[in-house]
Structures are given as C-alpha cells and as structure tokens.
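> I have a structure here, written as structure tokens, and I will follow up with some questions on it.
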Amino acid sequence: MHIEYLLHFFVSFLHKLTIINCTEARAHELAAKFLTLDNSIVELGNELKMKNAVESANKIVTATNSSQPLFNRSWVKAGFHIN
C-alpha cells in the first residue's frame, strides 16, 4: 500500500494522518493500521472538514482509482506538490 511505504520512510516527519475516503468504514479500517499517529477521519461528503484538511496539509498523498476528484484543487496551496 502506498501510504505504508511512505510511513516507513517518513514516519519521523509524520505527526497526523487525515484519511479522506468514500466510505467511513474503509476510512476507519485504514486508520486502525496507524494508531500510533494522531489520526483524523474525514468522510467524503463533509466538505468543510475536507477543505480544512486539504488547506492545512503539509503533504498530500493520494491513492485512488476514482474517476472523480477527491477534493477541489482550489483548496491546495499554490505550488504544492501532491504525490
């Protein structure tokens, strides 16, 4: 899994993980793997929480096969790299 690879190499830099997922159950399943972090669960559909999470992010990592965007690109800081 992509996030597991990143956690392995960047765990010392990562203090909070916000998971945005299509289903709350899947988001909780993913968060359970990373209980040592201050995990936040952001359910798709809660636009205000998603917007706050994206706007305040230091890193954004996406792993989806969705044909629709997960979030509005205007929420991303100018020049921000998304992996």
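The values are calculated or read from the model by the stated rules, or taken from the named source; none is laboratory data. On a predicted model such as this, the values are computed, not experimentally measured, just so you know. When we count neighbours, we look across all protein chains shown, and the Cβ atoms used for this are built from the backbone with ideal geometry, even at glycine.
> Right, VAL42: modelled with pLDDT under 80, closer than 20 Å to ASN83 by Cβ, touching a helix residue (DSSP H, G or I) at 6+ places or on another chain (Cβ under 9 Å) and of a type in the set (Val, Ile, Thr) or not?
Yes; evaluated as a whole, the condition is true for this residue.
> Continuing with the same structure: Quick check on region 27-55: of everything there that is loosely packed, with under 12 Cβ neighbours inside 10 Å and touching a strand residue (DSSP E or B) at 6+ places or on another chain (Cβ under 9 Å), which residue is farthest from ASN65 (Cα to Cα)?
Looking at the filtered set, the residue picked out is ASP38.
> So in region 59-83, with the set limited to residues that are part of a loop (DSSP other than H, G, I, E, B) and of a type in the set (S, T, N, Q), which one is modelled with the lowest pLDDT?
Restricting to residues being part of a loop (DSSP other than H, G, I, E, B) and of a type in the set (S, T, N, Q), the top hit is ASN83.
> Okay, moving on. For a quick check of your reading of the model, give me the residue pairs whose first member lies in region 67-83 and is within 13 Å of ALA57 (Cβ to Cβ), whose second is surrounded by 10 or more Cβ atoms within 10 Å (Cβ to Cβ), with beta-carbon atoms closer than 6 Å and at least 6 apart or on different chains.
From region 67-83, the pairs are LEU70/ILE20; PHE71/MET50; PHE71/VAL54; TRP75/LYS51; TRP75/VAL54; TRP75/GLU55; ILE82/ILE60; ASN83/VAL61.
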